Each structure stands twice: as structure tokens, then as C-alpha cells.
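For reference, the structure discussed in these notes is given below.
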């Protein structure tokens, strides 16, 4: 167990608040040529507490208690909006019964590809705030576990690189990130990703 893994959820969020208040972090300084992408990996047993503290963190940003403007996206909400756009909700149960789980999953993954999630975030971001502002904005992505297996975290990060590389992107991840690979829920191999730093 690493030092960060042994931190309480409260201590972890104290550190996250500190990072989101750090001008060097907000301006993506000290990274060399690396993208400013970060992963906060946490034990799935802490899911409810992490969700509650995430809401508090975002609310603090809205009130202006943090220098960072946190722009929060939940991947499950985006998935639901894509399904609503294509009006397929009513068809999902029928498709599963007729074609099986694997065929349904493949159909959904073809309909809502990783770039569609990133495009949705980019469009909603621009509508609400305009272009992302270095030194102020932080993109916060949650809902990885809820959106599994429809989309994988490493695919989201890879597709986000050309779109959000000018501001910090923080992925809250219910699992393990060792700097090279992601394991969702601590056991599901979620793909390799080498470019993100630990948020803690």
C-alpha cells in the first residue's frame, strides 16, 4: 500500500483542494511536455463518501471558495444524454432480450464511442463557459464505474488529449492506477495509459 492509498478520504480531498488552489497546477507548469492529466484512484468501498465530497468540492468552486473553476462531467450522465439523443432507451431491453448482452453492448459502444463523450463535454463546456481558460479551469470527470462497460477510462483520456490539453483534467477513478495501467474496481483490466499523473 502506498502512502496516498492509506490516506483517509478527507485527507485526500484536503490535498485535492490544495492542488486546485495551486497556481502552478492551474497553469500546468512543471510538466515538461506532458499533458496535464491526473488520476485520483480510490478504493471502491469509499464510493459514497467520494461522491459526497466531490459534490462539496464542486459546490465550493461554484461559491468562489476555490481559485479553480471546476467544470464537472459525469460519464453516466453523458451516456444517458447520448441514448436520449438517439431515442434508444425504449429499445434497449428489447434488444437485450432478442440479441443478447454482447450484441447489445457492441451496439451501444458503436453508437456512443469515446470521442462522442469527449465531444459532448467540449460542446457543453463551450456553451456554458466559452473556451477553457488556462490558470482558472479544471475539468473534472467522474462516473467511470457507472458508465462501465459502455466506455473505458483510458479511451476517454486518450480522446481528451487533443481537446483539453491546455487545462488540468482530473479523472476520479474507482480502482487502481499505477502510472501505467488502470484497473477498474481494483480487478478489471481497464487498459493502459501512461500519460497521467497521480492527483495526490
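The values are calculated or read from the model by the stated rules, or taken from the named source; none is laboratory data. What you are looking at is a predicted structure, and each value in this text was computed from that prediction instead of being measured. Virtual Cβ from ideal backbone geometry, glycine too; neighbours counted across all protein chains shown.
Only one entry in 15, 7 is closer than 24 Å to residue 183 by Cβ and either in contact with a strand residue (DSSP E or B) (Cβ under 7 Å, 6 or more places away or on another chain) or part of a helix (DSSP H, G or I) (or both), namely 15. Residue 77 meets the stated requirement of being at pLDDT 95 or above, out of contact with any strand residue (DSSP E or B) (no Cβ under 7 Å at 6 or more places or on another chain) and closer than 23 Å to residue 153 by Cβ.
Residue pairs whose Cβ atoms lie under 8 Å apart, sitting 6 or more positions apart in sequence or on different chains, and linking a residue in the range 36-51 that is farther than 30 Å from residue 166 by Cβ to a partner that is in a helix (DSSP H, G or I), are 44/145; 46/9; 47/145; 49/9. Given the criteria crowded, with 20+ Cβ neighbours inside 10 Å and within 28 Å of residue 67 (Cβ to Cβ), does residue 172 qualify? Judged against the criteria, residue 172 is a match.
The criterion of at least 1 residues that are under 28 Å from residue 9 (Cα atoms) is met, among helices (runs of 4 or more DSSP H) falling completely within the range 84-200, by 114-129, 144-147, 153-164. If you filter the range 23-39 down to residues that are surrounded by 13 or more Cβ atoms within 10 Å (Cβ to Cβ) and part of a loop (DSSP other than H, G, I, E, B), you find that the one that is nearest to the chain's Cα centre (by Cα) is 36. When residue 147 is tested against (1) surrounded by fewer than 18 Cβ atoms within 10 Å (Cβ to Cβ); (2) touching a residue at least 60 places away in the same chain (Cβ under 8 Å); (3) more than 21 Å from residue 16 (Cβ to Cβ), only condition (1) is not met.
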